[in-house]
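Inspection log for the structure reproduced underneath, given as structure tokens.
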Amino acid sequence: MEVFLGKCETKEDRKAVRYLLSFEGSMEGVYIGEAKVMFRRAIPIETIDMSSNGILLKAGTGFFRIGEKYSLLLKINGDILKMQCEIVRTRNDGTLAEEYGCRIEEVQWDQGEETASEEVMVCEDTYLDTLADEYESYETRQKIIEEQTGYEKMNQDISFLFHSLNKETGLNKEKMKMICQEIAYKLIELDPVAIFECISLPRPVNEELQSHSLNTAFLNGVQAKWLNMSLDQIERFILAGLLHNADKMMMPEVVLNEAEYPYGVREEAIELCTKITAISDAYDSAVSAKNCKSTEKPLNILHMFYKEEFEGLDRVLVMNFIKNMRLTYTGRQAVMSNGRQGIIRYIPFNDTEHPVVQQGTRIEQTNEEWFCKAVLLEF
């Protein structure tokens, strides 16, 4: 195969020099400013076609974003084509795959050679001097989060709601509606990371039921918001999360017997709600697992989702969940394991447990010794 690389001035010229490609390749690293950071796990891609100054790729939906720059490697008939490329457009048809149009910026063609993987680029090893002292104590950090978000009050409200439950009267419908509305407004006013930090807080055994219900309600609301649903729809999804573990025999008959459950939701919406609730339930169950360290949340759990360690989940919705969680945490300041602050600059879709972090002039992918200990919140 012969590929001519060079710039074309007109659209007609680009069409004339387009080559159909069907090769496997990988994104080997990402550019953060001028720094090139090689991935611990390369991101697999497929090629579709190539023009003189661009290449069309196929990978998982949400893997890459417009404006990001990568180091791309293709193995073609024993030869290796390496290039620096920038994502300039995306196209998704609602499946798990997405097309990514890339502009080629630099090209290197190695014929008949295997190239050793490049080392992670680490700039001069200096750090930010700022220490996040208030985050050194987990208990202090938990107290701050609970006070600023109002999580503990909502948890108590749900505890009272569940304890007042009986077969004759069921749940207080008006009280449920008020709690759902409060959660919905919290999703608007709170830093989204604060919500996930609340969900990650350890809870006494006697609070696990209502905490799990509250967390699932929050996660349902977040996912509904990511799907651009109306406030009314978000509240319905929150309600479903709140009640997902309740005993049906204890629910008020008006809820169970309505033709459209919950509160006017159509059949197809109920199916979507069920799938979203399953993701929320699985995420919170993983967060609250006794063998899950606080430093492993939530990015390690996202990696578990990516590897399909939870059965029965809708893959399209799972990938959307991972994509939006990556967007939520990218750019956030974090306290690193050495006690100093860093900035999460990039989170690989296939390796979310090892984000790329900048600490001073050091830009590197995290590892077992240097990792994110906590994320700084904005109140």
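The values are calculated or read from the model by the stated rules, or taken from the named source; none is laboratory data. These numbers come from a predicted model, not from an experiment. Cβ: placed from backbone, ideal geometry, glycine included. Neighbour counts: every protein chain shown.
Couple of notes before you dig in:
- Helices (runs of 4 or more DSSP H) contained in the range 224-337 and holding at least 1 residues at pLDDT 70 or above: 231-243, 267-287, 299-306, 315-329
- Qualifying residues in the range 353-365 (those that are modelled with pLDDT of 95 or more and of a type in the set (S, T, N, Q)) - the one farthest from Gly29 (Cα to Cα): Gln358
- Counting only residues that are buried (at least 20 other Cβ atoms within 10 Å of the Cβ) and within 22 Å of the chain's Cα centre (by Cα), the range 62-82 holds 3 of them.
- Number of positions in the range 137-157 that are small (Gly, Ala, Ser) and either at positive phi or modelled with pLDDT of 75 or more (or both): 1
- Some residue of the range 181-192 being within 17 Å of Tyr283 (Cα to Cα), assigned to a helix (DSSP H, G or I) and not polar (S, T, N, Q): yes
- Any hit, the range 345-366, residues being touching a residue at least 12 places away in the same chain (Cβ under 8 Å), over 14 Å from the mean Cα position of the chain (by Cα), surrounded by 19 or more Cβ atoms within 10 Å (Cβ to Cβ) and assigned to a loop (DSSP other than H, G, I, E, B): yes
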